[in-house]
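K.L.:
Pasting a structure below so you can have a look.
The values are calculated or read from the model by the stated rules, or taken from the named source; none is laboratory data. Predicted model only: the values in this text are computed from it and were never measured. Cβ placement follows ideal geometry from the backbone for every residue including glycine, while neighbour counts extend to all protein chains displayed. Please note that ligands, DNA and RNA were not included when accessible areas were found on the heavy atoms of the full protein model with its side chains. Shrake-Rupley method; radii C 1.70, N 1.55, O 1.52, S 1.80 Å.
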Amino acid sequence: MKADFALDYDLLTIERPHKLYLLARLVSGPAPQARKRRPLNLSLVLDRSGSMAGEKLDYTRQAARFLVQNLTESDLLSIVLYNEGIETLLQPEPVIHKDSIIQRLNDIKASGMTNLSGGWLQGCALVEQNAADEFLNRVILISDGLANRGVVSPDQIINLAKQKRTRSVTTTAMGLGKDFNEDLMMAMADAGGGAYYFIESPESAPIIFQEELRGLLNVVGQNLTISVATTDHITHVGQLNAYNMHMDGQRVSFSLGDVFANEVKTLVLELSIPALSAVGQIEIATLSFEYDAITEQGSDHQRLELPIIVNLVDAEYPAPAPDADVRRSVLLLQAARARREAISAADAGDYGRASEVLRQIALDIEDSQIQHRALNEERQALLKQAEEMRRGADYYDSYSRKSMSTQAMYTMIDRHESTQSLRMREVERILKQPETEKKPGVTPTHLTWREQSLPLNGELFRVGRAPQNEIVMDAKNISRFHCQIKRIDDLLILEDLGSTNGTYVNETRLTEPYVLSVGDVARIGYEQLIFHDQG
């Protein structure tokens, strides 16, 4: 592996305090051959509570099958299922009888509540049975709901994740849909030393599992720590990322976790430099990279050190241009921090502030005049999110919070490509929605909401925030009982139930009951119901 760093400015004017940005980089080599990679000791912990029924469980099974197919007899796999109870579907065993394992996965049924902690702890226990340096020991937890059985305290669960990590059992947390606690799942992954993923729709589950497995099969280093040992020429060290930090005297360390093959691992630090008086070169700190390189025999601890040197010049010296790579990384990370600030403001109901924070960083990116595809895409995304935040509660719901939180998290832990992929999948789902042929007078048999097709074979379908509705929409701009669809003979009638923000059909607000036809599109807040005659 190769380590280096860059400063946004390496020429500093004397007699003036400075704020420097330092970009530390570790570039890894290629992946080991398949026969030489570190085998996995893996426990797959799957939510099978009632809310997982249907597409969620179907796609989760598909993702789990993919995982099984890509493991080998050198790997150990266990599978845990949880609702309000815990079931060990597969005890730890080498992945030899793949057809048998897949058949067990196919037989999973969904029902009950969500004992997230119980399922996860059982997975940890199964991994601990065989935990050893020769294995990469990991629990993959997937949930679509809140922890409402067993240990439910977020702080307690996070502390348990830290404890398991000290025993070399790491945790990857995957949240599916819009009803899980993203703050808890992010914190579990952070404390547990694994990755966090937002599976924003059921069909994305196999994609996310592929990403996690690709990483696990290509680990070339573990426990990467980047440290800065400062001198008196630095008064403060702060990070723009979101890695665990540890201070020991004048040494500040950041834990970056696993290193994958052909990866560029980066950390951006902000250094406060006091006014210095002497012209010439000066060493302000020492940058250290430490990690455990994966070998056929296990691991080999490596340490690399680099001096951080700046040049002090007098005030007449021409001002240099900032390093473009450092500046680009700083702007992307500042955008991620702006999203976190916007979320905090929106959580408090200050949507104007949330919108302004996002818009300002978009302007900062534009003012930088750095021409780069990732920065341009980021600026467009920020402006769109700023406009959506301006709408307030009409936009800011459980899904949008998860999406923005995840984008911020991905970028701040050196996964900006995952941020872009999430946004791209969101756009693709919108573009893929087919236009339904309009058939006036033909009664629809199905409706589609958020890519899920629901049959209209009952007598009454209520829509609103209250859990008693047949279609529950968790958004502040939707009334508890917003509207309903009722069957009269062979017709389906849509009625508004006195909602605050109204019910629209084909963008016309309802003032009286409406007879639905194939091709009609109802809008409730920013949610759409598309009526059609095919499942």
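K.L.:
Counting Lys +1, Arg +1, Asp -1, Glu -1, what net charge surrounds L287 among other residues with beta carbon under 13 Å of its beta carbon?
P.N.:
Local net charge: -1.
K.L.:
At 0.36 nm per residue, and after removing the present C-alpha to C-alpha distance, how many nm does the segment from I370 to E459 gain when stretched out fully?
P.N.:
Residue separation times 0.36 nm, minus the Cα-Cα distance, leaves 26.2 nm.
K.L.:
Still on this structure: Just grab the label-to-label distance for D350 and E84, each label 7 Å out from Cα along the Cβ direction, in nm (one decimal).
P.N.:
4.2
K.L.:
Express in whole angstrom the spacing between the alpha-carbon centres of segment 179-242 and segment 45-70.
P.N.:
23
K.L.:
Treat every Asp and Glu Cβ in segment 58-119 as -1 and every Lys and Arg Cβ as +1, leave all other atoms uncharged, and give the resulting dipole magnitude about the Cα centre to the nearest 20 debye.
P.N.:
140
K.L.:
How many lysine pairs does segment 14-121 hold where the Cα atoms are under 30 Å apart and the two sit 8 or more places apart or on different chains?
P.N.:
Within segment 14-121, the lysine pair count is 4.
K.L.:
Continuing with the same structure: Please give the residues of segment 492-531, grouped as numeric ranges, whose backbone N is less than 12 Å from a label point set 7 Å along the Cα-to-Cβ vector of E470.
P.N.:
492-495
K.L.:
Still on this structure, I have one more. In whole percent, what relative contact order does segment 392-491 give with Cα contacts below 8 Å and a gap of six or more residues?
P.N.:
24
K.L.:
Mind ranking 63-70, 78-85, 91-98, 418-425 by how tightly packed they are, going by the mean number of other C-beta atoms within 10 angstrom, highest first?
P.N.:
The most tightly packed comes first, giving 78-85, 63-70, 418-425, 91-98.
K.L.:
Using only Cα atoms, figure out Rg for segment 41-83 and give it as a multiple of 2.2 N^0.38 Å.
P.N.:
1.25
K.L.:
While we're looking at this one, here's another question. Per Stokes-Einstein, at 25 °C and 0.890 mPa s, what whole-number D in µm² s⁻¹ belongs to segment 378-498, with the Kirkwood radius over Cα pairs as the hydrodynamic radius?
P.N.:
143
K.L.:
Taking amide hydrogens as modeled 1.01 Å from N in the peptide plane, which residues meet the under 5 Å criterion relative to A285, leaving out close sequence neighbours?
P.N.:
Hits under the 5 Å cutoff: I308.
K.L.:
First check a/c for segment 244-391, with a ≥ b ≥ c the square roots of the eigenvalues of its C-alpha gyration tensor; if it is under 1.5, answer rounded, and if not, answer prolate when a/b is larger than b/c or oblate otherwise.
P.N.:
Verdict is oblate for segment 244-391.
K.L.:
Find the relative contact order for the chain and round it to a whole percent, using C-alpha pairs within less than 8 Å whose residues are 6+ positions apart.
P.N.:
13
K.L.:
Label the chain by shape, choosing from rounded, prolate and oblate, from the square roots a ≥ b ≥ c of the eigenvalues of the Cα gyration tensor; if a/c is under 1.5 it is rounded, and otherwise prolate applies when a/b is larger than b/c, oblate when it is not.
P.N.:
oblate
K.L.:
Dividing the alpha-carbon radius of gyration of segment 280-342 by 2.2 N^0.38 Å (N being the number of residues), what value is obtained?
P.N.:
1.76
K.L.:
Between A278 and Q91, with labels modelled 7 Å along Cα→Cβ, what's the label distance in nm to one decimal, could you check?
P.N.:
7.0
K.L.:
Pop out the ³J(HN,Hα) list for segment 230-235 in order, Karplus 6.51 cos²θ - 1.76 cosθ + 1.60 with θ = phi - 60°, rounded to Hz; leave Gly and Pro as x.
P.N.:
8, 10, 5, 7, 10, 9
K.L.:
Also, quick follow-up: Using a 1.4 Å probe on the protein heavy atoms only, what accessible surface does T231 show? Give it in Å² to the nearest 10.
P.N.:
Accessible area, nearest 10 Å²: 40 Å².
K.L.:
Where does segment 142-191 land on the Kirkwood hydrodynamic radius, alpha-carbon pairs, in angstrom?
P.N.:
With all distinct Cα pairs of segment 142-191 included, I get 11.1 Å.
K.L.:
Of the heavy-atom accessible surface of segment 27-173 (probe 1.4 angstrom), what whole percent is carbon and sulfur?
P.N.:
47
K.L.:
Check which residues have an amide H placed less than 5 Å from G193's amide H, if you skip close sequence neighbours.
P.N.:
HN-HN under 5 Å from G193: T171.
K.L.:
State to the nearest 20 debye the size of the charge dipole of segment 276-389 about its Cα centre, where the only charges are +1 on K and R beta carbons and -1 on D and E beta carbons.
P.N.:
Charge dipole, segment 276-389, about its Cα centre: 360 debye, nearest 20.
K.L.:
Another one. Per residue, how much accessible area does segment 135-198 show when a 1.4 Å probe rolls over the protein heavy atoms, in square angstrom?
P.N.:
33
K.L.:
Which FRET efficiency value, to the nearest 0.05, do you get for S100 and N130 by plugging their Cβ-Cβ distance into 1/(1 + (r/R0)^6) with R0 = 22 Å?
P.N.:
Here the calculated transfer efficiency is 0.65.
K.L.:
Further, regarding this structure: Per 0.36 nm of contour for each residue apart, how much would the distance between E270 and S299 grow if the chain were fully extended, relative to their Cα-Cα spacing?
P.N.:
So the extension gain works out to 7.2 nm.
K.L.:
Over segment 208-367, with the other protein chains present, what is the accessible area per residue in square angstrom, probe 1.4 angstrom?
P.N.:
Computed with neighbouring chains in place, this is 45 Å² per residue.
K.L.:
Then there is this: Rank these residues by their accessible area, most exposed first, probe 1.4 Å: D248, D323.
P.N.:
Putting D248, D323 in descending order of accessible area: D248, D323.
K.L.:
Can you give the accessible area of D183 in Å² (nearest 10), computed on protein heavy atoms with a 1.4 Å probe?
P.N.:
It works out to around 80 Å².
K.L.:
Hey, another quick one. Given the whole protein assembly as supplied and a 1.4 Å probe, what does the accessible area of I207 come to in Å², nearest 10?
P.N.:
Approximately 80 Å² for this residue.
K.L.:
Continuing with the same structure: Under 1.5 on a/c is rounded, so check that first for segment 14-63, then, if it is not, pick prolate when a/b is larger than b/c and oblate when it is not; a ≥ b ≥ c are the square roots of the alpha carbon gyration tensor eigenvalues.
P.N.:
Verdict is oblate for segment 14-63.
K.L.:
Note down the nm distance, to one decimal, between modelled labels 7 Å out along Cα→Cβ at R429 and at D489.
P.N.:
Going by the 7 Å Cα→Cβ label model, 3.9 nm.
K.L.:
Expected output is a single nm value to one decimal: the length gained when fully extending between E290 and D232, i.e. 0.36 nm times separation in residues minus the C-alpha distance. What is it?
P.N.:
Gain on extension, E290 to D232, equals 18.5 nm.
K.L.:
Using +1 at the Cβ of each Lys and Arg and -1 at the Cβ of each Asp and Glu in segment 202-298, identify which of Q281, L224, P206 lies farthest towards the dipole's positive end.
P.N.:
Q281
K.L.:
Now for a different question. If you place +1 on the Cβ of every Lys and Arg and -1 on the Cβ of every Asp and Glu, how big does the dipole about the Cα centre of the chain come out, in debye to the nearest 20?
P.N.:
Roughly 620 debye, rounded to the nearest 20.
K.L.:
So, one more: Taking the Cβ-Cβ separation of A393 and A53 as r and a Förster radius of 25 Å, what is the calculated FRET efficiency to the nearest 0.05?
P.N.:
The value I calculate is 0.30.
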